[in-house]
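J.: Sharing a structure here in structure tokens format.
Quick note: the coordinates plus some simple rules give every number you see, no bench work behind them. Small disclaimer: the values here were computed from a predicted structure and weren't measured. Using ideal geometry, Cβ is built from the backbone for each residue, glycine included, and neighbour counts are taken over all protein chains shown.
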Amino acid sequence: MKKLALHWKILIGMVIGILFGLLMTRIDGGSTFVANWINPFGSIFVKLLKLIAVPLIIASLVKGISDLKDISKFKNIGLKTIGIYIFTTVIAITIGLLLVNVVKPGDGISEETITKLTETYANSGGVQAKIAEASKQKSSGPLQFLVDMVPDNAMKAMSNNKSMLQVIFFTIFLGISMLLIGEKRSKPLKDFFDSLNEVVLKMVDLIMLFAPIAVFALLSNVVVSSNDPDLLIALLKYAGTVVGGLFLLVVFYMVLVKVFTKKNPFWFLKQLSPAQLLAFSTSSSAATLPVTMERVEEHIGVDKEVSSFVLPVGATINMDGTSLYQAVAAVFIAQALGFDLTFVDQLTIIITALLASIGSAAVPGAGMVMLVIVLESVNFPADKLAIGLALIFAVDRPLDMCRTVINVTGDATVASLVAKSVGKLHDNPTPKNWDDHYDEVK
């Protein structure tokens, strides 16, 4: 009997999780039961993925760079990666702006709904925390992101998943230095990282056995902790505009895949689907990174030399889905509160959203912080910022889940494009299973 594919198992877990969550909302004490007895399993799963993210980046990136044997190849991959990421982000923001100006979702929001949303969320800790964090980021100098990229303590950077750019910087520095001392002298260290890479990838395989149960737990908790359904319905036009833009962005990605890699777009999405489903469940492209790397390398066929650089960098600076969402959200808030945006203002949104995406953390809720920065760039009234965030706070979590899927899809697409351009995209990748070497030890 043929085994059920992983993406189907995860999808079944998601559906059951949503249905179970809906059932628990109708039972007294149901939400407490889910929070106490179901959600911890999802939290453990996310922690396991975060646990191996830094070791995986270090091992795979060192292996990828040291395998190149030529620094000029790394420079070529690096320039192409950054260039394509900037291009796709600008396209994402442009799609968002075009769609929100055509649909005009903010024009349909009544004064009553604005008042209710303001009363519910404007003074909440969540909204105020986002504004405070954005003010802190905005007060930094224009080159602060470069300063933040360089760690003063490598071990400290490795102990914090939010310091992913610092880990990448140190690892690239280490890998290049290994190249410069010659293959013979660097061999002992290279063998260590090669072995570590194999071990961490095996850990990914083992963690993924738990994925269907974990997404059941995560989705059931999302459902029972969701907000007022009436407010969600009131914001349906806005949410639909964001989701419509994200769909158009996926279509754009698939055109790139078809034209430049000659791969079947539906095959591409099928191979990537477990990572996309996990991105939806966790709302974190950083937590999903180990699975994204495994799917892109072993199922799509991108060589580790490319994926080990492109994907970690993408999880940190490439936020296409989030950038599109910011464009839609900023204009929606302006429409709903009667704040006129000129053509120059909308160009400012494109530039600011692009720059903000570079420094954004790959964690749930980071898009709201970026949105405050975008709104302030067009001189949105400071006294209305809390009201503006309150307008979209009710649907932020489900939209965060959707845009994280797009962030991960964009990273995988760019990895495939870069790999094809340097002759590192293989036609017949060989997936590994958790029990490949089990016979040797049982």
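J.: Over the Cα atoms of the chain, what is the Rg over Rh ratio if Rh follows Kirkwood?
T.: A ratio of 0.97.
J.: Would you calculate the separation in nanometres between label points at N428 and K262, each defined as 7 Å from the Cα along the Cα-to-beta-carbon direction?
T.: Result: 1.6 nm between the two label points.
J.: Further question on the same structure: In Å³ and rounded to a whole number, note down the convex hull volume per residue for the Cα atoms of the stretch 14-86.
T.: 138
J.: What does the convex hull of the alpha-carbon atoms of the stretch 171-226 project to on average, in nm²?
T.: The Cα convex hull of the stretch 171-226, projected and averaged over all directions, gives 5.8 nm².
J.: Between helix 285-295 and the chain, what is the angle of the helix's C-alpha long axis to the longest principal axis, kept within 0 to 90° and rounded to the nearest 10?
T.: 40
J.: Just add up the charged neighbours of K270: K/R +1, D/E -1, any other residue whose Cβ is under 13 Å from the Cβ of K270.
T.: Taking every Cβ under 13 Å from that of K270, the sum is +2.
J.: Still on this model: If I fit a long axis through the Cα atoms of helix 304-317 and take the longest principal axis of the Cα atoms of the chain, what angle between them do I get, 0 to 90°, rounded to 10?
T.: Computed tilt is about 20 degrees.
J.: Then there's this: Show log10 I(q)/I(0) for the stretch 1-147 at q = 0.09, 0.11, 0.15 Å⁻¹, two decimals, from a solvent-free Debye sum over equal Cα scatterers.
T.: With one equal scatterer per Cα and no solvent, log10 I(q)/I(0) is -0.69, -1.05, -1.43.
J.: Something else about it: Test of understanding: what is the full-extension gain from I27 to V90, defined as 0.36 nm times their sequence separation minus their Cα-Cα distance?
T.: 18.1 nm
J.: Of the listed peptides 188-196, 399-407, what is their order by residue-averaged count of other C-beta atoms within 10 Å, with the highest listed first?
T.: 399-407, 188-196
J.: Which lysines, on any chain, are close to K237 with Cα under 27 Å apart, when same-chain ones fewer than 8 places away are left out?
T.: Leaving aside lysines fewer than 8 places away in the same chain, those within reach of K237 are K104, K116, K130, K384.
J.: For the chain, what is the calculated [θ] at 222 nm in deg cm²/dmol (nearest 500), taking -39500 (n - 2.57) for each run of four or more DSSP H residues and dividing by its residue count?
T.: -25000 deg cm²/dmol
J.: Right, here's the next one. Taking only C-alpha pairs under 8 Å that are 6+ residues apart, what is the relative contact order of the chain in percent?
T.: 31
J.: With the convex hull built on the Cα atoms of the stretch 57-107, state its orientation-averaged projected area in nm².
T.: Orientation-averaged projected area of the Cα hull: 5.0 nm².
J.: Net charge near Q166, counting Lys/Arg +1 and Asp/Glu -1 over other residues with Cβ under 11 Å of its Cβ?
T.: 0
J.: Continuing with this model, one more query. I'd like the orientation of helix 164-180 relative to the chain: the angle between its Cα long axis and the longest Cα principal axis, in ° from 0 to 90, rounded to 10.
T.: 20
J.: Okay, next question. In the stretch 151-247, if every C-alpha pair distance is counted and binned at 5 Å from zero, what percent goes to each bin?
T.: 2, 9, 9, 10, 14, 12, 10, 10, 9, 6, 4, 2, 1, 0
J.: Turning to a different aspect of this structure: Could you let me know the centre-to-centre spacing of the stretch 286-328 and the stretch 213-284, using Cα atoms, in angstrom?
T.: What the calculation gives is 15 Å, centre to centre.
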